[in-house]
Amino acid sequence: MATAILSIDIAALVENWRSLSAMARCEAGAVVKADAYGLGVQPVARALSRAGARNFFVAVAEEGASLREILGEGPQINVFSGHMQGDTELIRDAQLTPMLNSVDQMLRHVEALPGHPFGLQLDTGMNRLGMEEAEWSALREVALGQTPALIMSHLACADEADHAMNARQLQVFHEMTEGIDAPRSLAATGGILLGPDYHFDMVRPGIGLYGGMPYVDARPVVELHIPVIQIRDVAVGESVGYGNAWVARSPSRIATISAGYADGILRGMGPNAHLHTGSSAVPVVGRISMDMIGVDVTGLAEEPETLELIGAHQSVDTVAGFAETIGYEILTSLGARYKRIYV
């Protein structure tokens, strides 16, 4: 079989959620946007729901509607993008809770769905989503009179524990929510790790559930094993792959493996990437192409049938580093061609 195997450890993912929840000592939601960071929202959300998660977060209303079909009635499904024009029927029918980001969204929501639950997102300095202080001051009393289900903001630099922006946003969040009885939430994974001052009433772990940084103690969730299609001898002076990007300086054994950027293995990884067979690291040679990669397996005692890109010997963040990116991009880029195994 030429299809690479993507193994997803659901038990490890649930354990990561439980560990982050215990660390926070308050309610822990779960961020499952972008198809649960590329790992499959149906098995992930169902497992987290069975483990006790009652608040889920998605990016857009369409994701929320799909999640409602998976989870059924009961769990609260929160939509970060709020109540966009055209979302009303989805929000109503799927019983979604939009995190309203502006006066316009607030007016749209209360006029279209009076009495329907909603939350509020405040901008404490990230300048991405949410109401800024002046807008919030004008709307605050009216909004609180509608009994929001949650008031939240988002940290810009939580993956850098010593960054001054963290304390600055915490102070602004306190100032903007002083005297409010509604549940509050500021921390995603990085914020949980910053400590109890950032936890408030609910935390929203995301990347940490899936084994990514900055949660260094996370249990690994993903393994990716790629089949070897062919191994050939390459003589000195011969090249491998497009553009003659790699030329053999010594007699070499080159394996062609069955994956590429169609599978979320970024083309930019090529010059830095390596895979593993057992404890032996073997480098990528030449350019990563759409669905094939050359790997130098010279000197191995046995010819490998598969090579490991993500797993026991290198994490998703290590792989991300090959392309100078982050684990989020690797996980959410994983293609549909893999044979996915949930364990």
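Return the percentage of antiparallel bridges among DSSP beta bridges fully within the chain, rounded to the nearest 5 %.
Looking only at bridges with both residues in the chain, the antiparallel portion is about 55 percent.
Normalized C-alpha radius of gyration of segment 123-273, against 2.2 N^0.38 Å?
Taking the Cα Rg and dividing by 2.2 N^0.38 Å, one obtains 1.67.
Rounded to the nearest 500, what is the chain's calculated 222 nm mean residue ellipticity when only DSSP H runs of at least 4 contribute -39500 (n - 2.57) each, over all residues?
Theoretical 222 nm ellipticity from helices: -9000 deg cm²/dmol.
Averaging the inverse of every distinct alpha carbon separation and then flipping it gives the Kirkwood radius. What is it for segment 217-343, in angstrom units?
14.9 Å
In square angstrom, what is the accessible area per residue of segment 77-178 with a 1.4 angstrom probe?
Normalised by residue count, the accessible surface of segment 77-178 is 48 Å².
Please give the helix 41-51 orientation as an angle from the longest Cα principal axis of the chain, in degrees from 0 to 90, rounded to the nearest 10.
Helix 41-51 sits roughly 60 degrees off the main axis of the chain.
Can you give the log10 of the normalised intensity I(q)/I(0) at q = 0.14, 0.16, 0.23, 0.26 Å⁻¹, computed with Debye over equal Cα scatterers of segment 249-288?
Once normalised to I(0) and log-transformed, intensities are -0.34, -0.44, -0.87, -1.04.
Nearest 10 degrees, 0 to 90: what angle lies between the long axis of helix 133-145 and the longest principal axis of the chain (Cα atoms)?
Taking Cα atoms only, the helix is inclined about 60 degrees.
Return a whole-number percent for the relative contact order of the chain, with Cα pairs under 8 Å and 6 or more residues apart as the contact set.
Relative contact order here is 19 percent.
Give me the percent of DSSP beta bridges within segment 158-276 that run antiparallel, rounded to the nearest 5.
Percent antiparallel among DSSP bridges in segment 158-276 is about 90.
Answer with one residue from ALA273, VAL247, GLY294: the one whose Cα lies farthest towards the positive end of the charge dipole of segment 236-319, charges on Cβ with Lys, Arg +1 and Asp, Glu -1.
VAL247
Loop-only trypsin sites (Lys or Arg not before Pro) in segment 1-106, please: DSSP not H, G, I, E or B, and at most 10 other Cβ atoms within 10 Å.
Listed in order of number, the matching sites are ARG25.
By how many degrees, 0 to 90 and rounded to 10, does the Cα axis of helix 10-24 deviate from the longest principal axis of the chain?
That works out to roughly 40 degrees.
In whole percent, how big is the carbon plus sulfur part of the accessible area of the chain, probe 1.4 Å, protein atoms only?
Heavy-atom surface of the chain belonging to carbon and sulfur, 1.4 Å probe: 48 percent.
Taking square-rooted eigenvalues a ≥ b ≥ c of the alpha carbon gyration tensor, is segment 47-169 rounded, prolate or oblate, where a/c under 1.5 means rounded and, failing that, a/b exceeding b/c means prolate?
Oblate shape, in that a/c is at least 1.5 and b/c is the bigger or equal ratio.
Which label belongs to the value computed from this structure, given these candidates for semi-axes √(5λ) of the Cα gyration tensor in Å: (1) 48, 20, 18; (2) 34, 21, 20; (3) 45, 20, 18?
(3)
Let me know the longest stretch in the chain that avoids all GluC sites (Glu not before Pro) found in a DSSP loop with at most 11 other C-beta atoms within 10 Å.
Formally, the longest exposed-site-free interval is 179-301.
For segment 139-233, what's the relative contact order in percent, using C-alpha pairs closer than 8 Å and at least 6 residues apart?
Rounded, it is 22 percent for segment 139-233.
May I ask you to give the solvent-accessible area per residue for segment 281-343, in square angstrom, as obtained with a 1.4 angstrom probe?
50 Å²
Evaluate the relative contact order of segment 47-171 (contact order divided by residue number), counting alpha-carbon pairs under 8 angstrom at least 6 apart; express in whole percent.
17 percent
The values are calculated or read from the model by the stated rules, or taken from the named source; none is laboratory data. The shown structure was predicted, so the numbers you read here are calculated from the model rather than taken from an experiment. Cβ: placed from backbone, ideal geometry, glycine included. Neighbour counts: every protein chain shown. When the accessible area is computed, the model is the full protein with side chains, heavy atoms only, and any ligands, DNA or RNA have been set aside. Shrake-Rupley method; radii C 1.70, N 1.55, O 1.52, S 1.80 Å.
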